[in-house]
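This report concerns only the one structure given below.
The values are calculated or read from the model by the stated rules, or taken from the named source; none is laboratory data. Note that the structure is predicted; figures quoted are calculated from it, not measured. Here the Cβ positions follow ideal geometry from the backbone for every residue, glycine too, while neighbour counts run over all protein chains shown. Just so you know, the surface numbers come from the protein's heavy atoms only, side chains and all, with ligands and any DNA or RNA stripped out. Shrake-Rupley method; radii C 1.70, N 1.55, O 1.52, S 1.80 Å.
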Amino acid sequence: MTALAIDNLDISYGDSKVTHGIGFEVAEGESFALVGESGSGKTTVLKAIAGMAKSWTGSISVFGEPRTHGIDRAFARQCQMVFQDPYGSLHPRKTVDATLSEPLTIHGIGNSGERVDEVMQSVGLDRRFRFRFPHQLSGGQRQRVAIARALILKPRMLLLDEPTSALDVSVQAEILNLLKRLRREQGLTYLMVTHNLPVVSFLCDRLAVMRHGRVVEVADVDQLKRGELVDPYSRELTRFSASLPKT
Ligand SMILES: Nc1ncnc2c1ncn2[C@@H]1O[C@H](COP(=O)(O)OP(=O)(O)OP(=O)(O)O)[C@@H](O)[C@H]1O
Ligand SMILES: [Mg+2]
C-alpha cells in the first residue's frame with residue numbers, strides 16, 4: 001500500500017512560492033529521506049503534509065486519504081510529526097506524563113496510565129522520569145519524550161524533521177538506533193528530513209534530493225552508497241559529505 005503520495009505540490013508563504021511541482025511516493029513500511037540545500041523547502045513539505053502550511057496546490061494523500069488544509073483527528077491517528085528541537089517542541093510547564101496523556105484525552109482514549117507506561121518503555125525512558133518537566137531531562141531524554149508523544153496514538157507514519165541534529169553525536173546514535181528499532185517493531189513508515197547522508201544510509205531505503213523548491217532526483221540508498229547519484233547537485237552533495245571529517 002502507498003503510505004504517502006504527493007503530486008505536483010506547490011506551497012506558498014504569502015506571495016512567495018516555496019516549492020514547485022514536488023512529487024514522490026512512499027510505500028507503507030518504507031523509510032524515505034528528504035535531503036538537500038538549506039531553504040530548499042524540506043520542512044515546508046513536512047508541514048504541508050501535517051496540515052501546518054496554509055497555502056498549497058496539488059495533491060497529498062496519506063494511506064489513500066486526500067489531505068485537507070487543516071489538522072484533523074483521523075489524520076492525527078495515522079501520522080505524527082517529530083521536530084528538530086525537542087526543547088522547543090515540548091511544553092515547558094507540562095510533565096512527561098501530562099505531555100503523553102494529553103493526546104489520549106483529546107482522542108477519548110481510556111487506559112491512559114497503562115498506555116503512557118507502555119510508550120515510555122518502548123522509547124527507553126525510565127519510569128522515574130514520568131513526572132519530570134522538560135528542563136529536568138537531558139536533550140536525548142527530551143527527544144525520547146517527543147518520539148513517545150508522536151507514538152502514543154499508535155500512528156502508522158512519522159514525519160521526522162532532523163530528529164537528531166540538535167543532539168550531541170553520541171546521543172544522536174542512540175536516537176537513530178531507537179528510530180530503527182521502533183520502525184522494525186511497529187512496522188512504521190518514515191519520511192525524514194536530514195542534512196546527514198550517513199544517517200540516510202543508516203536509516204532509509206530511498207531518498208529525494210531537493211534544491212530550490214524542486215525534487216531533482218529520487219534514488220535508492222544503494223545508489224547513494226555506491227556513489228551513483230546522477231543529478232549534478234546530488235553528486236556535489238555526496239562529494240561534500242564524503243570530504244567531511246568522520247566524527
Ligand atoms: N513561516 C514562513 N513564512 C515565510 N517564509 C517561510 C516560512 N517558513 C519558511 N519560509 C521560507 O521557505 C523556504 C523554505 O524553508 P524550509 O524551512 O522549508 O527549508 P528547509 O529545506 O527545511 O531548510 P533547512 O535545511 O535550513 O531546515 C525558505 O526560503 C524560508 O525562508
Ligand atoms: Mg528545515
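Please report the projected area of the range 6-117's Cα convex hull averaged over all directions, in nm². The partial results should precede the final answer.
On the way: hull surface 34.9 nm².
If you wrap the Cα atoms of the range 6-117 in a convex hull and average its projections, you get 8.7 nm².
If you put +1 on each Lys and Arg Cβ and -1 on each Asp and Glu Cβ, how big is the dipole of the chain around its Cα centre, in Debye rounded to 20? List each step's numbers first, then the result.
Numbers: 31 positive and 28 negative charges, 133 e Å.
Once rounded to the nearest 20, the dipole reads 640 debye.
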- prompt: Roughly how many Å is it from the Cα centre of the range 123-141 to that of the range 149-208, as a whole number?
  reply: 19 Å
query: Taking K17 as the anchor, which aspartates and glutamates have their alpha carbon closer than 17 Å to its alpha carbon, excluding any fewer than eight residues away along the same chain?
result: D7, E37
- request: Could you work out which residue, out of A50, A146, A98, moves most in a Gaussian network model of the chain, that is, has the largest mean-square fluctuation with Cα springs under 10 Å?
  value: A98
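Explain nothing, just the number: relative contact order of the chain, from Cα pairs under 8 Å at least 6 residues apart, as a whole percent. Before the final figure, lay out each step's value.
Working: 449 pairs, mean separation 63.3, N = 247.
Reported relative contact order: 26 percent.
Taking the DSSP beta bridges in the chain as the whole, what percent of them are antiparallel, to the nearest 5?
On the way: 22 of 40 bridges.
Restricted to the chain, the bridges split so that about 55 percent are antiparallel.
Below 8 Å, C-alpha to C-alpha, sequence gap of six or more: please give me the relative contact order for the range 73-204 in percent. Please report the intermediate quantities before stating the final value.
On the way: 175 pairs, mean separation 43.4, N = 132.
Averaging sequence separation for qualifying contacts and normalising by length gives 33 percent for the range 73-204.
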query: So which of K54/K154; K94/K154; K94/K180 end up more than 23 Å apart by C-alpha?
result: K54/K154; K94/K180
- line: One finds the C-alpha centres of the range 72-99 and the range 12-71 to be spaced, in Å, by 19 Å
field: the chain - percent of accessible surface contributed by carbon and sulfur, probe 1.4 Å
entry: 49 percent
- request: Please list the helices of the chain that count as membrane-span-like by this rule: a mean Kyte-Doolittle hydropathy of at least -1.0 together with Cα atoms stretching 24 Å or more along the helix axis, each helix being a complete DSSP H run.
  value: 169-186
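Could you do me a favour and compute the accessible area per residue for the chain, 1.4 Å probe, result in Å²? Write out the running numbers ahead of the final one.
Working: 11820 Å² over 247 residues.
With all protein chains present, the chain gives 48 Å² per residue.
Taking the Cα centre of the range 20-76 as origin and charging only Cβ (+1 Lys, Arg; -1 Asp, Glu), how large is the dipole, in debye to the nearest 20? Please report the intermediate quantities before stating the final value.
Details: 5 positive and 6 negative charges, 62 e Å.
Charge dipole, the range 20-76, about its Cα centre: 300 debye, nearest 20.
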